[in-house]
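K.L.:
Have a look at the structure that comes next, please.
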């Protein structure tokens, strides 16, 4: 059985999509799962053992381009028994339709009658979690989801991890604190750089080093954290934001002893690598897309106006983040990792 999954457009969603792949493999151990998704997601998919191959999709998020979607569909004709669509947009249903895939499964979304022939009507009360909405598409309508739910588990090869360490001149002789201070959604998900700097300062005093992860947009924020430290401590902070490829970021994150992250794609990456994680929530809620791992501490203020799910604070104070003091995060880190254990250099 060959299954084509049309993947989501965001890092965290793609990580969580691994729960669907695991459910498909549980039901059909010999099935082949290919994922049609943006090229940036290939490193994630290559680290999911359930996936046979990632098929690059050349159109960016929000681009319609009917001709290209038809062309890709014709190229895929006759190769798949089923398509499962994770996005709810009408345009995401076009390529499987043009490919003539016999069974095309997805939520109704943007009125996709005709494009889908195994259409589902979402009951948000029954499936409050995003992973439940993904997993349900692996089963027949109205089927009960088996528990325990699978968790995303990215698999990193030691050779590629060592290559990434070498490329950036990094080592693991000291425990590594990964900081992920960015969030594509907006400022209302970003814990203040000054708070991150306090956490970094404390952990460096305990003998740790700090690696900052993120996109090029997050590099200035990473540098702000670094510059807030005393000169001697800055040497223990490595601002990797915007410097790594996605593959390198995943491989280096797998070296971390612990991580502190905003609600972002990298938060889900850290969780899928089983890195002990403190997840900072401001304008959003962990009730829909929580990090899926055992060693997770979720911290939030829970003030009256939070969660608002806005990109920017409508009151301008960002108190849901500003009032969340560094000591709360440090206490959570201590609960997760206790006394730091010095890691040994990888072979």
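K.L.:
Checking residue 309 against (1) in contact with a helix residue (DSSP H, G or I) (Cβ under 8 Å, 6 or more places away or on another chain); (2) under 19 Å from residue 8 (Cβ atoms): exactly one of these is not met. Which one?
P.N.:
(1)
K.L.:
Output the residues belonging to the range 22-39 that are within 19 Å of residue 134 (Cβ to Cβ) and either in a helix (DSSP H, G or I) or not assigned by TED's automatic domain parsing to the domain that holds residue 101 (or both).
P.N.:
Passing the criteria: 22, 23, 24, 25, 26, 27.
K.L.:
For the range 73-87, check the following and say yes or no: at least one residue is closer than 29 Å to residue 157 by Cα and without any contact (Cβ under 8 Å) to a residue 40 or more places away in the chain.
P.N.:
no
K.L.:
Step by step: first the residues of the range 229-276, then only those that are touching a residue at least 40 places away in the same chain (Cβ under 8 Å) and in a strand (DSSP E or B), then the one that is farthest from residue 219 (Cα to Cα). Which residue is that?
P.N.:
Among those residues, the one meeting the criterion is 258.
K.L.:
Another one. For residues that are touching a helix residue (DSSP H, G or I) at 6+ places or on another chain (Cβ under 9 Å) and surrounded by fewer than 19 Cβ atoms within 10 Å (Cβ to Cβ), scanning just the range 104-116, find the one that is nearest to residue 90 (Cα to Cα). Walk me through it before giving the result.
P.N.:
The first filter runs over the range 104-116 and keeps only residues touching a helix residue (DSSP H, G or I) at 6+ places or on another chain (Cβ under 9 Å), leaving 104-107, 109-110, 112, 114-116.
Subset that is surrounded by fewer than 19 Cβ atoms within 10 Å (Cβ to Cβ): 109-110, 114.
Working: 109: 7, 110: 5, 114: 11 Å.
The selected residue is 110.
K.L.:
Which condition breaks for residue 154 when tested against (1) surrounded by fewer than 18 Cβ atoms within 10 Å (Cβ to Cβ); (2) out of contact with any strand residue (DSSP E or B) (no Cβ under 9 Å at 6 or more places or on another chain); (3) in a loop (DSSP other than H, G, I, E, B); (4) outside the structural domain of residue 89 (by TED's automatic domain parsing)?
P.N.:
(1)
K.L.:
Looking at 73, 60, 78 in this structure, which one is in a loop (DSSP other than H, G, I, E, B), out of contact with any strand residue (DSSP E or B) (no Cβ under 8 Å at 6 or more places or on another chain) and surrounded by fewer than 20 Cβ atoms within 10 Å (Cβ to Cβ)?
P.N.:
Within the list 73, 60, 78, the selection yields 78.
K.L.:
Looking at (1) in contact with a helix residue (DSSP H, G or I) (Cβ under 7 Å, 6 or more places away or on another chain); (2) in a helix (DSSP H, G or I), find the lone condition where residue 179 falls short.
P.N.:
(2)
K.L.:
Now for a separate question. Specify which of the listed residues (219, 285) is in the same structural domain as residue 313 (by TED's automatic domain parsing) and outside any helix (DSSP H, G or I).
P.N.:
Testing whether each residue is in the same structural domain as residue 313 (by TED's automatic domain parsing) and outside any helix (DSSP H, G or I) leaves just 285.
The values are calculated or read from the model by the stated rules, or taken from the named source; none is laboratory data. This structure is a prediction, so every number in the text was calculated from the model and none was measured. Counting neighbours? That spans all protein chains shown, and the Cβs are built from the backbone with ideal geometry, glycine included.
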